[in-house]
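The values are calculated or read from the model by the stated rules, or taken from the named source; none is laboratory data. The structure displayed is predicted, hence computed values, not measured ones. So basically every Cβ, Gly included, is an ideal-geometry build from the backbone, and we count neighbours across all protein chains shown.
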Amino acid sequence: MSQSNHQDHIPQHGSVKTYVIGFVLSVILTLIPFIMVMKGCAPQSTLLAVIAITAVIQLVVQLVCFLHLGTAPDERWNLVSFIFTAIVIILLVGLSIWIMWSLNANMVAG
């Protein structure tokens with residue numbers, strides 16, 4: 001009987017280095033807007049822009065470092081399922097807001 005190795009098809013998890021880099025970047029990207037808000041060193045519009053930009057960057061860092069989403073062949077199905085889930089959530093939230101807005105406009109006009 002031949003023995004088959006089932007380890008060949010299991011995707012590899014991230015290394016400790018990847019997790020540490022992701023953690024450090026997440027902490028830095030959290031501290032930047034926190035310190036700016038606590039010190040009040042910028043106008044409100046600038047603070048909102050910094051918070052939004054660092055939030056998007058942190059989202060990408062966490063997706064790559066912790067959820068291992070990438071374009072490598074082993075990670076491609078994870079990326080496809082994540083994109084599909086994001087599209088469904090955006091559609092659900094967006095269309096729900098549109099329906100509520102439409103109902104509100106029709107109720108007020110009537």
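Could you grab me the full set of residues in region 54-77 that are within 11 Å of the chain's Cα centre (by Cα) and not in a helix (DSSP H, G or I)?
Result: Phe66, Leu67, Leu69.
Which members of region 48-74 meet the condition of being crowded, with 16+ Cβ neighbours inside 10 Å and over 16 Å from Pro33 (Cβ atoms)? Show your work before the answer.
Just the residues of region 48-74 that are crowded, with 16+ Cβ neighbours inside 10 Å, to begin with: 54, 58, 61-65, 68-69.
Listed by number, the residues that qualify are Leu63, Val64, Cys65, His68, Leu69.
Quick grid of which residues meet (1) under 30 Å from Glu75 (Cβ atoms); (2) more than 19 Å from the chain's Cα centre (by Cα); (3) outside any helix (DSSP H, G or I); (4) at pLDDT below 95:
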{"site": "Gly14", "(1), (2), (3), (4)": "yes, no, yes, yes"}
{"site": "Thr18", "(1), (2), (3), (4)": "yes, no, no, yes"}
{"site": "Val24", "(1), (2), (3), (4)": "yes, no, no, no"}
{"site": "Ile28", "(1), (2), (3), (4)": "yes, no, no, no"}
{"site": "Ala49", "(1), (2), (3), (4)": "no, no, no, no"}
{"site": "Ala52", "(1), (2), (3), (4)": "yes, no, no, no"}
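Check Ile53, Ile57 and return the single one that is of a type in the set (A, V, I, L, M), touching a residue at least 24 places away in the same chain (Cβ under 8 Å) and within 23 Å of Ile83 (Cα to Cα). Please lay out each step first, then the result.
Details: Ile53 fails: touching a residue at least 24 places away in the same chain (Cβ under 8 Å).
Selected residue: Ile57, the only one of Ile53, Ile57 that is of a type in the set (A, V, I, L, M), touching a residue at least 24 places away in the same chain (Cβ under 8 Å) and within 23 Å of Ile83 (Cα to Cα).
Being surrounded by 13 or more Cβ atoms within 10 Å (Cβ to Cβ), without any contact (Cβ under 8 Å) to a residue 24 or more places away in the chain and either of a type in the set (Lys, Arg) or part of a helix (DSSP H, G or I) (or both) is the filter here, so list the residues in region 30-47 that pass it.
Answer for region 30-47, where residues must be surrounded by 13 or more Cβ atoms within 10 Å (Cβ to Cβ), without any contact (Cβ under 8 Å) to a residue 24 or more places away in the chain and either of a type in the set (Lys, Arg) or part of a helix (DSSP H, G or I) (or both): Ile32, Pro33, Met36, Val37, Leu47.
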